[in-house]
Amino acid sequence: MSSQKKRNFKIEAFKHRVEVDPKYAEKTWKILEHAIHEIYNHNASGLSFEELYRNAYNMVLHKYGEKLYAGLVTTMTWHLREMSKSIEAAPGDLFLEELNRKWADHNKALQMIRDILMYMDRTFVPTSHKTPVHELGLNLWRDNIIHYSKIQTRLVSTLLELILKERTGEVINRGLMRNISKMLMDLGPSVYQEDFEKPFLEVSASFYSGESQQFIECCDCGEYLKKAERRLNEEMERVSQYLDAKTETKITHVVEKEMIANHMQRLVHMENSGLVNMLVNDKYDDLSRMYNLFRRVPEGLSTIRDVMTSHLRETGKQLVTDPDKLRDPVDFVQRLLNEKDKHDKIVSSAFNNDKTFQNALNSSFEYFINLNNRSPEFISLYVDDKLRKGLKGVSEEDVEIVLDKVMMLFRYLQEKDVFEKYYKQHLAKRLLSGKTVSDDAERSLIVKLKTECGYQFTSKLEGMFTDMKTSQDTMQGFYASQAALDIADGPTLAVQVLTTGSWPTQLIAPCKLPLEILGVCERFRTYYLGTHTGRRLAWQTNMGTADLKATFGKNQKHELNVSTYQMCILMLFNSSDRLTYKEIEQATEIPAPDLKRCLQSLACVKGKNVLIKDPMSKDIAEDDSFNVNDKFSSKFFKVKIGTVVAQKESEPEKQETRQRVDEDRKPQIEAAIVRIMKSRRVLDHNNIVAEVTKQLQSRFLPNPVVIKKRIESLIEREFLERDKADRKLYRYLA
């Protein structure tokens, strides 16, 4: 095989030199300069852009980029100065149109020039740190047109004048305004802000300051707010139509400050139309408008909240301290609920369910409900009224709504234990008289109380229901055991056996029962004590009821539903035609206040007067005498004779209840002190008071004086001791 020889290739330069025409740069620039003039003069259709691009390319390639760039600046500047003369000469109405037209021409020319000089833009401009062609065109327009003193001032004043015209109701060319605004934005944020936005905001502040002053002198609050809202919406629409989006927050801030923030206090306190007037007259639209406008400014919502709170506390205070409104407890509580419903609706529909307003509402109600120390009693009486008759025929959902409203008021009470005391008394009367509308409603309320306050609060109430059920079973057993005996003609007995401690019973000596009743009572006692060991029975004759068959003159027969006391009185007339007050008192041994109330209801109530009192008067005196009313008649066979009883407690009864509540609180306070000291071992007086208050506030607010007395009592009984060095320090003794 023959070996191949290696060949070496060599590239050599041309033997002759390429010479560039010394006048090449000048000639080429002249061609390009002419083209730029033609473009600005709208004669670009006859130009060959390919040829022009090649010329510009060659100039840059042959290192004439600087000459090309400088020539471009000079030529564009000359054309822009010519344009500025044309713009300046335009008459008033046509000034903006001429400016807009020339701006469009300049942009069009700039696009073509940039296409021709694309190679320079991409190579020469970045390496020599020059401004790109398009940006250069904008800067030259800014410096020669917009910042030309005669055009600059005229432009701002024209724009502001047109905006003022629009504010005063005239129609302006928004499209033109949009173009001018966009032009200023295209020239850079600083141009738009300095040359237009800043003066625009200053003039707007002055305009709205004057207008708000004018409005507030002649408009009521609702009308003023409508105008402020309309102005705010107009400015936001104006921005969306032809201004920079970033201007919106600035111009709305100006309107808010001048029209709302500067006049807040005057608006909310405006006589006959301010916030209080809106609240009183349920002006939801105006309130909602006020809320939405005031929330935009600092301290706006707190201003509304403060005025609402002070108004609410004032009206609430009048409501709970007005003696006329305290006469009817049910009406009193209904007024509270109506007030709460009214303001709940305002908060939800006008104040956007704002949590801070709900909290203000709750604190106001808590404040004034606790100004009246009878609120717990009245709320319990309201419940009593509703569960006796007020909720008859009402759907379960509506019952729940009423009970939830009651619970809402209950939460505001600081003395929940006082409510418990009264509620227990009223529940006992309802259960024993069988007057409750629905056991389900009763149990539902107890469940709600249990959820709110815990098992301890309702354990005795639940025990009352248990006793009622057990009593039914006991009576069935009793009558089953008596079936063999012939007692068909005797009175029928229904006994409720109540556990002492669960029921609010008081140790009252029983009255003298008629002999017919005593016999069956004794039989029941024998039966009950025979079936239950280690128990004692005490008759509560003050709490029972009876059905009596009565025959009046002309053989008029009725069945009378009366209390046990009234039964004892009426059965005396089976053996006597006429009895004095003293005789009745001796024969029955009914306590004097109860006896007077019973006789009042039997003799003084129209339509229920089965007795005649002599002398006839509304009040019972000790020298009165009574006889059966033979002329008594009623269209009903069954006649219910209630006892004349004050719905509210009398002053002595109130004092007695208060004393019982205070007595019940003592062990609770002591238990709390011991619990705290057991865990802390050593604690000073102020901290003990604070801790005890914190632990017990869900039931009642303990008085610091009472806490101090309970501490003294615990020291005496050697649960605690004082520190020998510091008398205010207590130690727990294990």
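The label point for Arg174 and the one for Leu733, both projected 7 Å from the Cα toward the Cβ, are 8.8 nm apart. Positive-end ranking of Ile145, Thr321, Phe215 along the dipole of the chain, with charges on Cβ about the Cα centre, is headed by Ile145. The charge dipole of the chain, taken about the Cα centre with unit charges on the Cβ atoms of Lys, Arg (+1) and Asp, Glu (-1), comes to about 2180 debye, rounded to the nearest 20. Highest mean first, the peptides 187-200, 624-637 sorted by other C-beta atoms within 10 Å per residue fall in the order 187-200, 624-637. If R0 equals 45 Å, the separation of the Cβ atoms of Ser349 and Glu559 corresponds to a calculated FRET efficiency of about 0.25. Average accessible surface for segment 490-640: 59 Å² per residue, computed with a 1.4 Å probe over protein heavy atoms with every protein chain in place. Mean projection of the Cα convex hull over all viewing directions, computed for segment 55-100: 3.8 nm². How big is the gap, in Å, between the Cα center of segment 670-729 and the Cα center of segment 261-317? If we compute the Cα centre of each part, the gap is 45 Å. Rounded to the nearest 0.05, the FRET efficiency derived from the C-beta distance between Lys325 and Ser240 at R0 = 51 Å is 0.40. The share of C-alpha pairs in segment 651-732 whose separation exceeds 18 Å stands at 40 percent. Simple rule: put +1 on each Lys or Arg Cβ and -1 on each Asp or Glu Cβ in segment 375-453, find the dipole, and look at Ser444, Gln414, Ser433; the Cα lying farthest toward the positive end is Ser433. Hey, how much of the P(r) for segment 346-492 falls beyond 23 Å, as a percent of Cα pairs? For segment 346-492, the share of Cα pairs beyond 23 Å comes to 49 percent. Mean projected area of the convex hull spanned by the Cα atoms of the chain, taken over all viewing directions: 77.5 nm². With an a/c value of 1.5 or above and a/b larger than b/c for the gyration tensor axes a ≥ b ≥ c computed over the alpha-carbon atoms, segment 490-640 is described as prolate. Would you mind classifying segment 536-596 by shape? Square roots of the alpha carbon gyration tensor eigenvalues, ordered a ≥ b ≥ c; an a/c under 1.5 is rounded, otherwise it is prolate if a/b is larger than b/c and oblate if not. In terms of gyration-tensor shape, oblate. Full extension of the chain between Glu462 and Glu248 gives 70.7 nm of extra length, using 0.36 nm per residue less the Cα-Cα distance.
Classified by the C-alpha gyration tensor, segment 375-453 has an oblate form. Its axis ratio a/c, with a ≥ b ≥ c, is 1.5 or above, and a/b does not exceed b/c. Basic side chains Lys and Arg get +1 at the Cβ, acidic Asp and Glu get -1 at the Cβ, and with that the dipole of segment 651-732 about its Cα centre reaches some 360 debye. Each part gets one Cα centre, and for segment 393-449 versus segment 330-365 those centres are 21 Å apart. Per-residue packing, averaged as other Cβ atoms within 10 Å, sorts the ranges 689-695, 424-430 into the order 424-430, 689-695, beginning with the highest.
Summary of the geometry: segment 507-540 and segment 88-129, compared by the centres of their Cα atoms, lie 114 Å apart.
Taking label points 7 Å from Cα along the Cα-to-Cβ direction, Asn262 and Arg167 give a separation of 1.1 nm. Over all distinct Cα pairs, what is the inverse of the mean 1/r for segment 20-146, reported as the Kirkwood hydrodynamic radius in Å? So the Kirkwood estimate lands at 15.2 Å.
At an R0 of 22 angstrom, the distance between the Cβ atoms of Asn41 and Lys67 translates into a FRET efficiency of 0.45.
The values are calculated or read from the model by the stated rules, or taken from the named source; none is laboratory data. Since the structure is predicted, the reported quantities are computational estimates derived from the model, not experimental observations. Backbone-built Cβ (ideal geometry, glycine too); neighbour counts: all protein chains shown. Quick note on the areas: whole protein, heavy atoms, side chains included, nothing else; ligands and nucleic acids left out. Shrake-Rupley method; radii C 1.70, N 1.55, O 1.52, S 1.80 Å.
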